[in-house]
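Asks: Sharing a structure below in C-alpha cells format, with a few things to ask.
The values are calculated or read from the model by the stated rules, or taken from the named source; none is laboratory data. Since the model is a prediction, treat every value here as computed from it, not as a measurement. Cβ placement follows ideal geometry from the backbone for every residue including glycine, while neighbour counts extend to all protein chains displayed.
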Amino acid sequence: MNGLLTIGEFSRITHLSVKTLRRYHESGLLEPATVDDFSGYRYYDTHQVATAQIISRFRSMQMPEREVRAIVTTPDPDARARLITEHLGRLERQLDDTRSAVTALRRLLDPTPPTIEVQRILDEQCSVAAISEVVDASDVLDWYSEAMAEIDAAVSETTGPPGGLYDNELFTEGRGVMTVYVPTSVSPSVGRIRSMTLQPIELAVTVHYGPHDDIDVTYGALGVYVETNGLAIAGPVREVYVVGPRDTANSTLWRTEIGWPVFTATSTST
C-alpha cells in the first residue's frame with residue numbers, strides 16, 4: 001500500500017510483537033502512519049523503524065512509557081538528553097543496589113560464615129559538634145550526607161574521626177533519632193549544629209571492613225554476640241567511621257567501628 005508496511009511486516013522488521021504494536025498505538029506511544037478507514041488495518045512507514053527500535057531499547061531498560069513518549073516526541077535535544085541521563089542514573093543506582101544485595105547474600109550463604117572480633121571497652125567522654133534529628137530509615141543516607149556536609153563546612157579542627165548515633169527505633173520502627181558528629185574541642189552553634197558531650201559508656205565493639213553493602217551482616221553477628229554473652233543493649237548504637245568515604249573513594253579500605261552500649265543482664269527468680 002504505497003510502500004507502507006503492514007503491521008505484520010513492521011513487526012518482523014522491528015522485533016516488536018503485533019500485540020505490542022497495537023498497545024503502543026492505543027497508548028499513543030507509536031501510532032501507525034495510517035489506518036485504513038474501511039478495514040481498520042494499521043500501516044507503518046519505513047521511517048518509523050528507527051523510532052520503533054529506540055522505543056524497544058528504552059523499554060528493555062525499564063524506562064516508563066511516559067518518559068519514552070517524551071523522548072520520541074520532543075523536538076528539544078536538551079530535554080531528550082536530560083530524560084535519558086535521569087533514567088541512566090536510576091539504572092546505575094539499581095545496579096549498585098543489586099551488587100550490594102549480591103555481596104550481602106554471598107556473605108550470608110557462605111557455608112563457613114566469617115567470625116568477628118568483639119572487644120568490650122569503656123568509651124571515654126568526648127566533646128563533639130553534632131546534628132540530631134528524627135529521621136525515617138529510608139532517608140538515613142541522604143540525611144547523613146547533608147548533615148555531615150553542614151558540619152564539615154562549620155568545623156575546621158577535629159580531634160578524631162566522625163561518627164553517628166542511631167536510636168534502636170530507627171531499626172525497629174523505621175523512624176528514630178539519628179545523630180552525626182565530629183569530635184572537636186570547640187563546637188560552633190551554627191544552623192543545626194550543637195555542642196554535645198558523649199558520656200563514658202561500656203561498648204561491645206567490632207569492626208566492619210570494606211563497603212557498607214553488607215554491614216547489616218556485621219550488625220547481625222554483633223547482635224548474636226551480645227545475646228549469647230548475656231548482655232543487654234543500653235542505648236543507641238554508635239558507629240565511628242575510622243576510614244570512610246571522606247577519606248578515600250576506595251571502599252575496600254573503609255573501616256567502620258560498630259559499638260553497642262551494653263551492660264550485663266541479670267535475671268531474677270521468684
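Asks: Can you give me the number of residues within region 46-56 that are under 11 Å from L16 (Cβ atoms) and either modelled with pLDDT under 85 or of a type in the set (A, V, I, L, M) (or both)?
Replies: 3
Asks: Show the residue pairs meeting these rules: Cβ distance below 6 Å; 6+ apart or different chains; first residue within region 68-86 and closer than 16 Å to L30 by Cβ; second residue surrounded by 12 or more Cβ atoms within 10 Å (Cβ to Cβ).
Replies: So the pair list comes out as V68/I55; V68/F58; R69/L29; A70/L83; I71/R80; I71/L83; V72/T51; T74/R80.
Asks: Just to be sure I understand, how many residues within region 35-53 are within 11 Å of S11 (Cα to Cα) and among the small types (G, A, S)?
Replies: 1
Asks: OK, next. Of everything in region 128-179, what is farther than 19 Å from I233 by Cβ, among the aliphatic types (A, V, I, L, M) and either in contact (Cβ under 8 Å) with a residue 40 or more places away in the chain or assigned to a strand (DSSP E or B) (or both)? Give them in sequence order.
Replies: Once the filter is applied, which keeps residues that are farther than 19 Å from I233 by Cβ, among the aliphatic types (A, V, I, L, M) and either in contact (Cβ under 8 Å) with a residue 40 or more places away in the chain or assigned to a strand (DSSP E or B) (or both), region 128-179 yields V128, A129, A130, I131, V134, V135, A147, M148, I151.
Asks: With the condition being of a type in the set (A, V, I, L, M) and exposed (fewer than 13 other Cβ atoms within 10 Å of the Cβ), I'd like the helices (runs of 4 or more DSSP H) fully within region 30-127 carrying at least 1 qualifying residues.
Replies: On the way: elements: 48-60, 65-73, 77-109.
Ranges flagged: 48-60, 77-109.
The rows are residues; the columns are (1) farther than 21 Å from V180 by Cα; (2) in contact with a helix residue (DSSP H, G or I) (Cβ under 8 Å, 6 or more places away or on another chain); (3) not acidic (D, E).
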{"site": "G210", "(1), (2), (3)": "no, yes, yes"}
{"site": "E227", "(1), (2), (3)": "yes, no, no"}
{"site": "G230", "(1), (2), (3)": "yes, no, yes"}
{"site": "V237", "(1), (2), (3)": "no, yes, yes"}
{"site": "G244", "(1), (2), (3)": "no, no, yes"}
{"site": "N250", "(1), (2), (3)": "yes, no, yes"}
{"site": "T256", "(1), (2), (3)": "no, yes, yes"}
{"site": "W260", "(1), (2), (3)": "no, yes, yes"}
{"site": "F263", "(1), (2), (3)": "yes, no, yes"}
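Asks: Could you please let me know if T218 is of a type in the set (S, T, N, Q), in the same structural domain as S132 (by TED's automatic domain parsing) and either assigned to a strand (DSSP E or B) or surrounded by fewer than 14 Cβ atoms within 10 Å (Cβ to Cβ) (or both)?
Replies: On the way: of a type in the set (S, T, N, Q): yes; in the same structural domain as S132 (by TED's automatic domain parsing): yes; either assigned to a strand (DSSP E or B) or surrounded by fewer than 14 Cβ atoms within 10 Å (Cβ to Cβ) (or both): no.
Here the answer is no, as T218 does not meet what is asked.
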